[in-house]
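Input: a single structure, listed below in structure tokens.
The values are calculated or read from the model by the stated rules, or taken from the named source; none is laboratory data. Please read all numbers here as calculations on a predicted model, not as lab measurements. Cβ atoms come from the backbone with ideal geometry, glycine included; neighbour counts cover every protein chain shown. Calculation scope for accessible area: heavy atoms of the full protein, side chains included, ligands and nucleic acids excluded. Shrake-Rupley method; radii C 1.70, N 1.55, O 1.52, S 1.80 Å.
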Amino acid sequence: MVGRVLPWCLLAVLWAITGSALLNTTQGTYEDAFFVNSLINQPPPPILTPRGLSRWTLWYQINTHLTPVAIRVVNLELHLLVAGLVGLLASQFGFSPWMAVGIMLLHPLAVETVATMSGRGELVSAVGVLFACVMAMATSPWKWIGVAAGLGLSIAGKESGIVGLACVPLLLSVRDRRWRVVALIAALVIIVGAWQTRSATLPSGPSTPLQPWATWAGLQAVAAWRLIVMTVLPIGQTVDFDYDGLARIWTWAASLCLSSVAYLAWQLRQGNALMATCLTWMLLVCAPRLIVQTPKSYFNEHQMYLALPAFALLVCALMQKVSGESCSPA
Amino acid sequence: MSIPKVLAMAWLCGYAIAMVGYASAWENEWTLWTVATLHAPIKPRPVINLAVAAIERREFIVADRLLTHVALILRTRQNLPPWDRTDATIALQRNRLLLARLTDSGRRRW
């Protein structure tokens, strides 16, 4: 009994401490001023467009009750919902959910997502993707309606929620290998779509010319690898890392490391399908960032948010393999 | 309770400590860009943003020194992307003018 209750009690205490730390703010930070200036005293943005729903929620808060704490309260609630969905997903795979919930809830990479208005899109998108995944793993006859609704919600949150299109068949492929073909097709659609829009976000003007694709992809590979390492060991977090100051050899090293992760996922596909799925999910979150150029801004911590659920499931699978127990008795 | 479960809970405690520590950096612009500058001392953007935060706190001497540091970066660092150099130069000029107006110390030659 103690073994079942203690992890949850610990999570509750840790969540109370971290939640209060996240709510300790005196002003908007990072890009918050940009959102306030673009949404205050403006008509409501359309909801049924990419990022529409997340922009609408920010518009509503900015025009009714704008305080830095209020923004973070809503973000924290969404973060809690995401953690709950991750726990639900973990339980669908037979794991006891406390570890998955704990990793999602307490991971330091989520700080930037929760603390800023920029993170609202990632949070809404994650809710959509995870809802779609939970519905896909369910046995209800209405599950495909839920999957479609979840994917729609993920794109209404942020364009990067499109990776949910591949995450759902990836998770289904753990139980039925025939879904691997669908996952591969979905991943190719995402990659091709990203390539078609690789320069679509660039504003016109001489100050932000298009970088050579190899240069951009190399620097983003360094950023992606740094963030993947930080999912395991969150040391050295900062809002603005100096990727341009690194020697070019690091781009080659990071590309090699990312390729190694992909190779590891390929090798695990027969022996441990869930681990392979989680690694592929994390790489899929990173992949569009290597293609689509976002001017003046490399891969940020909040853009890695959608990879954290995969990492949480990966840890549960790893714990089960190492210890032979499913995080704790379900 | 098994040892792996105890280790897992200890790992979550470590995550929580790291989360609280990093969350303290996001309290306001000053704390955020102080941490960013410490991690990237020769990147113009965090230093300029820290200077702006210093101006907002009316710490004009600190802001002046930070802007001087930015000027030094622009003069000595070779591998800045062109957009970064352009944006940093514009921001440096604007904030120098603002600081001069606020401190009423006249224009500086640099």
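Tell me, what HN-Hα J-couplings in whole Hz come from the Karplus equation 6.51 cos²θ - 1.76 cosθ + 1.60 at θ = phi - 60° for each residue of segment A:241-250, using x for Gly and Pro?
Karplus values, whole Hz, x for Gly and Pro: 7, 8, 6, 5, x, 7, 5, 5, 4, 5.
Would you please report the Å³ per residue occupied by the convex hull of the alpha carbon atoms in the protein assembly as shown?
That works out to 152 Å³ per residue.
What accessible area per residue, rounded to a whole number of Å², is obtained for the protein assembly as shown using a probe radius of 1.4 Å?
Result: 45 Å² per residue.
Order these peptides, B:81-92, A:149-160, by their mean beta-carbon neighbour count within 10 angstrom, highest first.
A:149-160, B:81-92
Using mean Cβ contacts within 10 Å as the protection proxy, how do A:170-176, A:220-226, A:243-249 order, highest first?
A:220-226, A:170-176, A:243-249
If you take the beta carbon distance between A:Ser323 and A:Ile235 as r and set R0 to 30 Å, what does 1/(1 + (r/R0)^6) give as a FRET efficiency, to the nearest 0.05?
0.70
When only Cα pairs under 8 Å and 6 or more residues apart are kept, what is the percent relative contact order across segment A:2-77?
33 percent
Over segment B:1-73, what percent of the accessible surface lies on carbon and sulfur atoms, probe 1.4 Å?
Percent of accessible area from carbon and sulfur atoms in segment B:1-73: 70.
With unit charges on the beta carbons (Lys and Arg positive, Asp and Glu negative) and the dipole taken about the Cα centre of chain B, which residue among B:Ala36, B:Ala53, B:Asn95 sits farthest to the positive side?
Going by the Cα projections, it comes out as B:Asn95.
Using the Cα centre as the reference, give the magnitude of the dipole from point charges on the C-beta atoms of segment A:173-280 (Lys, Arg: +1; Asp, Glu: -1; all else neutral), rounded to the nearest 20 debye.
Once rounded to the nearest 20, the dipole reads 560 debye.
For A:Arg177 paired with B:Arg94, estimate the spin-label separation in nm (one decimal), with each label point 7 Å from Cα along the Cα-to-Cβ line.
With each label placed 7 Å out from Cα toward Cβ, I get 5.9 nm.
From other protein chains only, count the Cβ atoms within 10 Å of every residue's Cβ in A:111-118, then give the mean.
3
Counting only other chains, what is the mean number of Cβ atoms within 10 angstrom of the Cβ of each residue in peptide A:144-153?
0
I'd like the Karplus ³J(HN,Hα) series for segment B:64-77: coefficients 6.51, -1.76, 1.60, θ = phi - 60°, whole numbers in Hz, and an x wherever there's a Gly or Pro.
My calculation for segment B:64-77 gives 4, 5, 5, 5, 5, 4, 5, 4, 5, 4, 5, 7, 9, 7 Hz in order.
Once the cut-off is 16 Å, how many percent of the Cα-Cα pairs in segment A:35-74 end up in the long-distance tail?
That tail contains 29 percent of the Cα-Cα pairs.
Quick one: 3J(HN,Hα) in Hz for segment A:26-35, Karplus 6.51/-1.76/1.60 with θ = phi - 60°, rounded, Gly and Pro as x.
Couplings: 10, 7, x, 10, 6, 9, 4, 4, 4, 5 Hz.
Leaving ligands, DNA and RNA out of it, report the carbon-plus-sulfur percent of the accessible area of chain A at a 1.4 Å probe.
71 percent
Evaluate peptide B:58-70: per residue, the Cβ atoms of other protein chains within 10 Å of its Cβ; return the mean as an integer.
Per-residue shielding by partner chains comes out at 0.
Once all Cα-Cα distances of segment A:49-105 are split into 5 Å bins that start at 0, what whole-number percent is in each one?
The calculated distribution, bin by bin, is 4, 19, 18, 16, 13, 13, 11, 5, 1.
Just to confirm my numbers, what's the Cα centroid distance between segment A:1-57 and segment B:40-73 in Å?
Cα centres, segment A:1-57 to segment B:40-73: 29 Å.
Let me know the charge dipole size of the protein assembly as shown about its Cα centre in debye, to the nearest 20, where only the beta-carbon of Lys, Arg (+1) and Asp, Glu (-1) is charged.
680 debye
So what is the calculated 222 nm ellipticity per residue for chain B, using -39500 (n - 2.57) for each DSSP H run with n of 4 or more, over all residues, to the nearest 500 deg cm²/dmol?
Counting only the DSSP helices, I get -26500 deg cm²/dmol.
Can you compute the helix-only [θ] at 222 nm over chain A? Use -39500 (n - 2.57) per DSSP H run of at least 4 residues, normalise by all residues, nearest 500 deg cm²/dmol.
-22000 deg cm²/dmol
As a test of the definition: with a 1.4 Å probe, what buried accessible area, both sides summed, do you compute for A against B, in Å² to the nearest 100?
Roughly 4000 Å².
Using the per-residue mean of other Cβ atoms lying within 10 Å as a proxy for protection, in what order, highest first, do the peptides A:303-311, A:31-39, B:13-21 fall?
Put in order of decreasing packing, that is A:303-311, B:13-21, A:31-39.
List the residues of segment A:224-246 that lose 40 Å² or more of accessible area once all protein chains are present, compared with their chain alone (1.4 Å probe, heavy atoms only, no ligands or nucleic acids).
Those are A:Gln237, A:Thr238, A:Val239, A:Asp240, A:Asp242, A:Asp244, which lose 40 Å² or more relative to the chain on its own.
Kindly identify residues of segment A:21-46 having a loss of at least 20 Å² in accessible area between the isolated chain and the assembly of all protein chains, probe radius 1.4 Å.
Checking the loss per residue gives A:Ala21, A:Leu22, A:Asn24, A:Thr26, A:Gln27, A:Thr29, A:Tyr30.
What spacing in nm lies between the two simple spin-label points modelled at B:Gln78 and A:Ala148, each 7 Å away from Cα in the Cβ direction?
If labels sit at B:Gln78 and A:Ala148, their model points lie 6.0 nm apart.
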